[in-house]
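Bear in mind that the values in this text are calculations on the coordinates, not laboratory data. Please read all numbers here as calculations on a predicted model, not as lab measurements. Because the Cβ atoms are built from the backbone with ideal geometry, glycine has one as well, and the counts that use them run over all protein chains shown.
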């Protein structure tokens with residue numbers, strides 16, 4: 001059965017994680033993705049943490065692999081006229097050109113929309129940057145910790161109370177979220193290009209994607225300009241929408257913001273006497289006494305392990321979730337049921353697990369097809385395949 005995008009050719013010039021992650025999603029859905037790298041390679045190569053395993057797979061660059069699997073690698077020197085011509089040749093046959101080049105660099109290397117549309121009038125030209133291609137900071141390089149978490153207000157909003165320190169994001173959270181937005185925009189632009197028979201530009205940035213992820217907060221904040229209320233555990237709105245440690249040190253989180261499950265919550269935790277206390281009879285009363293209620297729930301949950309409590313919560317119909325460690329998630333039965341960590345074979349036919357894209361198709365299989373390419377692995381093959389077209393391109397390099 002054919003994959004959804006198996007008739008598409010994607011030319012990708014990017015590095016690090018945000019834009020490459022979008023290319024990996026397109027490759028997982030069947031597109032042919034040619035990753036163009038400088039002679040020194042994507043700087044993300046060999047930057048990831050080595051796995052703590054005793055296996056021949058130990059040397060595999062897993063963090064680079066997850067964002068570059070299924071692609072082909074072509075080494076091109078964009079500082080030379082021939083290098084620029086090579087990329088333009090590929091774009092002449094491509095459906096999508098995607099990059100994380102600032103607009104100034106797109107123009108320097110003759111890869112801006114105007115130039116590429118002259119070569120391929122129906123191309124989708126997609127750009128991912130830190131802050132956008134217009135405005136006073138269009139020139140500024142951006143990473144997810146600076147543009148996504150820092151400048152968007154997300155770090156500040158995530159602090160534990162007004163005096164809490166700024167938290168630290170895990171690697172590439174903002175990059176991968178922005179990569180999903182990039183894919184959505186690319187596919188919409190592709191649809192428009194097919195309908196209009198004209199080239200389409202699409203861009204997104206770490207900054208604006210981060211603001212969108214906080215749209216619920218911004219919907220009000222943009223109107224009143226008031227600082228966000230940062231709530232520590234003892235100052236949450238209700239005990240039934242909070243997080244707590246269990247007796248084994250593992251945590252659980254509840255999300256029952258309404259008043260309807262207050263009685264079920266108390267009964268499940270063995271705190272039935274709270275139901276008879278007038279202080280806690282109303283949502284306002286519970287809010288006013290949150291510090292003591294939080295301490296009381298902590299004390300109750302300290303009597304059993306997280307797994308023991310989980311069975312009790314499920315029986316009571318509570319809306320809750322375990323706070324799993326990253327190392328626990330691959331073994332989660334639900335993760336296994338939806339194939340959240342599919343396998344790939346390396347060159348020696350050894351299987352290893354990677355991370356699946358967050359979408360599944362009912363009528364076809366999508367997912368990683370092969371490992372990430374080695375630097376320049378497909379250069380000779382690609383140049384031979386497309387070389388005959390180089391001479392037919394208009395001269396846009398100034399040579």
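Going from the fewest other Cβ atoms within 10 Å to the most, the residues 220, 204, 122, 178 appear in the order 220, 122, 204, 178.
Entry note, segment 233-331: relative contact order of 40 percent, from Cα contacts under 8 Å with a spacing of 6+ residues.
Residues 208, 380, 385 in ascending order of nearby Cβ atoms (within 10 Å, fewest first): 380, 385, 208. Shape of segment 57-140 from its Cα gyration tensor (a ≥ b ≥ c, root eigenvalues): rounded if a/c is under 1.5, otherwise prolate when a/b > b/c, or oblate? Oblate.
Only helices enter the 222 nm calculation for the chain: every DSSP H run of n ≥ 4 contributes -39,500 (n - 2.57), and dividing by all residues gives -10000 deg cm²/dmol, rounded to 500. Beta bridges from DSSP with both residues in the chain: antiparallel share about 30 percent, rounded to the nearest 5. In the chain, Cα pairs under 8 Å separated by at least six residues give a relative contact order of 20 percent. Which shape class applies to segment 259-390: rounded if a/c is under 1.5, otherwise prolate when a/b exceeds b/c and oblate if not, where a ≥ b ≥ c are the square roots of the Cα gyration tensor eigenvalues? Taking the square roots of the gyration eigenvalues as a ≥ b ≥ c, segment 259-390 is prolate.
Stretched out straight at 0.36 nm per residue, the stretch from residue 264 to residue 230 would grow longer than its current Cα-Cα span by 9.5 nm. Counting only alpha carbon atoms, the long axis of helix 306-316 and the longest principal axis of the chain meet at about 70°.
Legend: P(r) of the chain from all alpha carbon pair distances, 10 Å bins from 0, whole percents, reading 4, 18, 25, 22, 16, 9, 4, 1, 0.
Shape analysis of segment 1-127 places it in the oblate category; the axes a ≥ b ≥ c from the Cα gyration tensor give an a/c of at least 1.5, with a/b not above b/c. With the convex hull drawn over the C-alpha atoms of segment 119-208, the volume per residue is 111 Å³. If you take the Cα centroid of segment 139-198 and the Cα centroid of segment 284-321, the two points sit 34 Å apart. Before anything else, pin down the relative contact order of segment 1-109: Cα pairs under 8 Å, at least 6 apart, normalised by residue count, whole percent. Relative contact order comes out at 36 percent.
Calculate how steeply helix 18-28 sits against the longest principal axis of the alpha-carbon atoms of the chain, using the helix alpha-carbon long axis, and give the answer as 0 to 90 degrees to the nearest 10. That helix lies at roughly 80 degrees to the long axis. Note on 37, 308: ascending count of other Cβ atoms within 10 Å places them as 308, 37, the fewest first.
Counting only alpha carbon atoms, the long axis of helix 173-196 and the longest principal axis of the chain meet at about 50°. Each distinct pair of alpha carbons in segment 233-331 adds a 1/r term; the inverse of their mean, the Kirkwood radius, is 13.7 Å.
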